[in-house]
Amino acid sequence: MVDGLLQQAAERKKFIADLSCRTTTIKRTEDYFKTANADQIVEHFMTMEHKFFGIRSEEDIQTLLTCYVDPDKSEYPAGSGWSFTRYYFPEAYATGSRLADFSSTVYALLKSVR
């Protein structure tokens with residue numbers, strides 16, 4: 001089942017997941033705008049710092065992956081009424097397979113590379 005999902009993703013070459021955010025990158029962006037005399041951008045859009053903890057548990061992964069099935073949260077293409085997973089993994093979706101079913105595997109993989 002996992003192989004089928006991964007195969008569909010590889011064939012389409014469009015599946016991108018970004019599960020990390022680096023504070024240093026955000027700080028560099030803010031510094032860049034300040035040195036480029038674009039203080040109004042910093043003052044308008046970068047007024048508050050929000051902590052981003054990323055993925056900390058298997059439950060976080062399951063919540064994230066569940067969002068890919070809900071067209072209200074991940075409708076793709078826009079206006080289609082389809083979810084991200086239905087569009088990118090139609091065969092697996094049609095058989096009832098859902099990304100959240102693999103949250104344990106995904107979490108274990110993330111832990112192994114940290």
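The values are calculated or read from the model by the stated rules, or taken from the named source; none is laboratory data. Values in this document were obtained by computation on a predicted structure and should not be read as measured data. Glycine gets a Cβ as well: all are built from the backbone with ideal geometry, and neighbour counts include every protein chain shown.
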### Query
Here are some conditions: (1) surrounded by 10 or more Cβ atoms within 10 Å (Cβ to Cβ); (2) at pLDDT below 65. Ile16 meets all but one. Which one does it not meet?
(1)
### Enumeration of residues in the range 52-90 that are closer than 22 Å to Val113 by Cβ and either part of a loop (DSSP other than H, G, I, E, B) or not assigned by TED's automatic domain parsing to the domain that holds Tyr107 (or both)
Phe52, Phe53, Gly54, Ile55, Arg56, Ser57, Tyr68
### Task
List every residue pair whose Cβ atoms lie under 6 Å apart, where the two residues are 6 or more positions apart in sequence or sit on different chains, the first residue falls within the range 97-110 and is assigned by TED's automatic domain parsing to the domain that holds Thr66 and of a type outside the set (Gly, Ala, Ser), and the second residue, located anywhere, is assigned to a helix (DSSP H, G or I) and crowded, with 17+ Cβ neighbours inside 10 Å.
Leu99/Leu65; Leu99/Thr85; Val106/Ile61; Tyr107/Ile61
### Summary
In the range 97-114, anything among the polar types (S, T, N, Q) and either in a loop (DSSP other than H, G, I, E, B) or buried (at least 16 other Cβ atoms within 10 Å of the Cβ) (or both) is listed as Ser97, Ser103
### Query
Would you pick out the residues in the range 47-85 that are among the acidic types (Asp, Glu) and under 25 Å from Ala108 (Cβ atoms)?
Glu58, Glu59, Asp60, Asp70
### Task
Looking only at the range 77-96, count how many residues are touching a residue at least 12 places away in the same chain (Cβ under 8 Å), surrounded by fewer than 17 Cβ atoms within 10 Å (Cβ to Cβ) and of a type in the set (Ser, Thr, Tyr).
0
